[in-house]
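The values are calculated or read from the model by the stated rules, or taken from the named source; none is laboratory data. Because the structure is a prediction, the values reported are computed rather than measured. All Cβ positions, even for glycine, are placed from backbone atoms using ideal geometry, and neighbour counts span all protein chains on display.
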Amino acid sequence: PGDPAKGKQLFQTLACNTCHTAPGMGSAVIGPPLTDIGTIAATRRPGYSAGQYLVESITHPNDFIVTGYQPNLMPATFATLPPDQLNDLVAYLASLK
């Protein structure tokens, strides 16, 4: 569990909206749009919940590459996020439906 409001703030602080679009922020197309990721995440990898997919996508971004996008664009440095920040970020992304 995390705090979606804190996660939204973290999304902006970490400049995720530089590469991803989300409701009301960002217009970049470097990475996949995240507008409906809370719904889409549960369908991306068989056997993964939305939360599992989101955690893996943030901490190990090259383990699954969305069709149409290139590997090695998202920094792997987010694997070092403290657990509370990771949970907040995942909670925010999971809320985007």
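Among the numbered criteria (1) in a loop (DSSP other than H, G, I, E, B); (2) free of Cβ contacts under 8 Å to residues at least 60 places away in the same chain; (3) closer than 22 Å to Pro4 by Cβ, which single criterion is violated by Tyr69?
(3)
Whether any residue in the stretch 33-41 is modelled with pLDDT of 95 or more, among the β-branched types (Val, Ile, Thr), touching a strand residue (DSSP E or B) at 6+ places or on another chain (Cβ under 9 Å) and crowded, with 19+ Cβ neighbours inside 10 Å is what I want to check.
Within the stretch 33-41, one or more residues are modelled with pLDDT of 95 or more, among the β-branched types (Val, Ile, Thr), touching a strand residue (DSSP E or B) at 6+ places or on another chain (Cβ under 9 Å) and crowded, with 19+ Cβ neighbours inside 10 Å.
Take the residues of the stretch 1-25 that are in a loop (DSSP other than H, G, I, E, B) and closer than 19 Å to Leu81 by Cβ: which is nearest to the chain's Cα centre (by Cα)?
If we take residues in the stretch 1-25 being in a loop (DSSP other than H, G, I, E, B) and closer than 19 Å to Leu81 by Cβ, then His20 is nearest to the chain's Cα centre (by Cα).
If we scan the stretch 65-75, do we find a residue that is surrounded by 14 or more Cβ atoms within 10 Å (Cβ to Cβ) and closer than 22 Å to Gln9 by Cβ?
Looking for residues that are surrounded by 14 or more Cβ atoms within 10 Å (Cβ to Cβ) and closer than 22 Å to Gln9 by Cβ, one finds at least one in the stretch 65-75, hence yes.
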